[in-house]
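For reference, the structure discussed in these notes is given below.
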Amino acid sequence: MPRRILLVVKNPPYGSVLAAECFRIATAMIAMDVLPQMLFFDDGLYCLLEGQSPEQAGLQSFHERLKTLADLVGLYVAEESLHRRNLEKTDLDENLNLKTASMEEVTRLFLENETVITF
């Protein structure tokens with residue numbers, strides 16, 4: 001099994017299962033003593049917005065899972081994606097201790113991991 005894995009979340013939190021599956025896989029990796037790095041890119045940033053209440057729409061919230069992942073592996077946000085979506089870091093959930101990543105840092109994340117899985 002690869003020692004260094006980067007999970008890239010590019011899809012929004014609702015409307016497909018991709019983001020939720022990424023969070024489930026990350027949790028399973030941690031259970032197997034693999035600590036992936038997670039990068040939120042493009043529409044994946046919407047997973048991190050503060051004040052979401054998906055339960056009101058009959059959808060399952062994965063906020064607690066994200067909080068646990070943030071505490072264990074840390075979460076990165078692509079700065080460029082923030083700018084393209086007219087978002088500020090303050091729009092994102094501050095409880096997730098998010099780290100912003102410039103394009104150079106995003107490139108470094110891709111290069112330093114043996115495997116990259118995109119959701």
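The values are calculated or read from the model by the stated rules, or taken from the named source; none is laboratory data. Bear in mind that the values here come from a model prediction, so they are computed numbers and not experimental data. Reconstructed Cβ throughout: ideal geometry from the backbone, glycine too, with neighbour counts over all protein chains shown.
General remarks:
- Yes/no for S16 being at pLDDT below 85, under 15 Å from F119 (Cα atoms) and of a type in the set (G, A, S): yes
- Candidate set: region 2-18, residues that are surrounded by 18 or more Cβ atoms within 10 Å (Cβ to Cβ) and over 8 Å from the mean Cα position of the chain (by Cα); chosen: the one farthest from E105 (Cα to Cα): P13
- Looking across region 98-119, just one residue is over 21 Å from R3 (Cβ atoms) and of a type in the set (V, I, T), and that is T100.
- Total residues in region 19-60, condition crowded, with 18+ Cβ neighbours inside 10 Å and at pLDDT below 85: 1
- Within region 67-83, residues that are within 20 Å of N113 (Cβ to Cβ) and touching a residue at least 12 places away in the same chain (Cβ under 8 Å) reach partners that are among the small types (G, A, S) and in a strand (DSSP E or B) with beta carbons closer than 8 Å, at six or more positions or on different chains, in the pairs Y76/A101; V77/A101; A78/A101; E79/A101.
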